Amino acid sequence: MVDFYRRALKKLDKLDTEQRRELLVSAVTEISLFENVLDSIDKGIIVCDVEYNLIMANKCAQRLIPMNCTEGIKLNAAIRDELLVETFRDILLNRERVTDREVDVEYQGRSRLLSVNVVPLVHDRHITGTLIYMEDITEKRRVESRLRRAENLASLTTLAAGVAHEIKNPLGSISIHLQLLQKTLAKKNKSSDKAMDKYFDVLKEEVYRLNRIVVDFLFAVRPMALELREGDINALVTKIVEFVRLEMEQSHILCLLELDENLPKVLMDERYMKQAILNLVTNARAAMPDGGVFTIATNRMENEIQILICDTGIGISRENLVKIFDPYFTTKETGTGLGLTQVYKIIREHQGEISVDAAPGEGTEFEIILPVPRRETRMIAFNEGDLK
């Protein structure tokens, strides 16, 4: 089609008014088609000339990043995100060809992870500008993270039985013999040596701690035997908040409930679901040592329900956010790193999803999505006479 217009331009002087009009209409139609194609692509495309003046940006680019799309404006003035401006400035000044550089962008209340590509725009072996195309890979990274966590859990399962057996049995034996030894010493010396008691207490405490680690480990890797029944999430959440409210208030934390009154019932094992939510509540309290606001909200979402557990605490760094559900990952000095792994497993066993959004100093929000059970659909009774 381009060759056709080039040939037509060479003969422009020989064309009459009607032929010129038809040529112009045809060109406008082609340009409109070209723009529609660009706007239909699910990747952001930005085109600049050699002076980095904006030539065009498709609709996807405008949805992904904050920008002023006035034609001819400088690229660094068109983009309203400082991090992106700095990224493009470094790339363009160094005349780099960039492939799949990941950049975090905050826009329209959402945090997005973009994969950015920058390549020269070439025509007749000359660079005539710059082509920038970007893709929202936020969900892709979340899926990869979920798959990686599933693989980690699967690999732990192979190791679990043997390790747990080897540790748990000696622990049980040590605990029993410590008790027997303590009773024997008490009979020999009724006054009992206080120092000896202190040593025994330390030993028992350490045995208990090791046993707790083994129990948590087994929970994280063993298949769960859920007893699913229809349950009221709002009632469960209310019960949990009432249970921790006094402790929260003593820590200067305000508890808020924002519950959807029209929330349908879901299939759940109340024991495990309570354990998962209570674990998140406990983490939220620990994240607000100087007090703050703790909120649990529920919402109906078509065939799913949403549970949001939010705090205004210390938050989580971006590098730690992607590892938060990984086994044995913890930022606490005394943590086992299995608490959130257990939460993740419980939610997944309920056919649900859990995700987290946080930033340092800005609090943390956990989102749990649970499916609403589908009611049995019965076919309308059919009689052969209906067809007659």
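Data overview
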{"item": "Packing-based order for 302-310, 174-182, using average beta carbon neighbours within 10 Å, highest first", "result": "302-310, 174-182"}
{"item": "Radius of gyration and maximum dimension Dmax of segment 224-265, Cα, Å", "result": "13.5, 38"}
{"item": "Spatial extent of segment 239-285: Rg and Dmax, with the Cα atoms as the point set, Å", "result": "12.2, 35"}
{"item": "Listed peptides 78-87, 137-146 by packing density, highest first (mean Cβ within 10 Å)", "result": "78-87, 137-146"}
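Bear in mind that the values in this text are calculations on the coordinates, not laboratory data. Because the structure is predicted, anything quoted here is derived from the model rather than measured. Cβ sites come from the backbone with ideal geometry, for glycine too, and all protein chains shown count toward neighbours.
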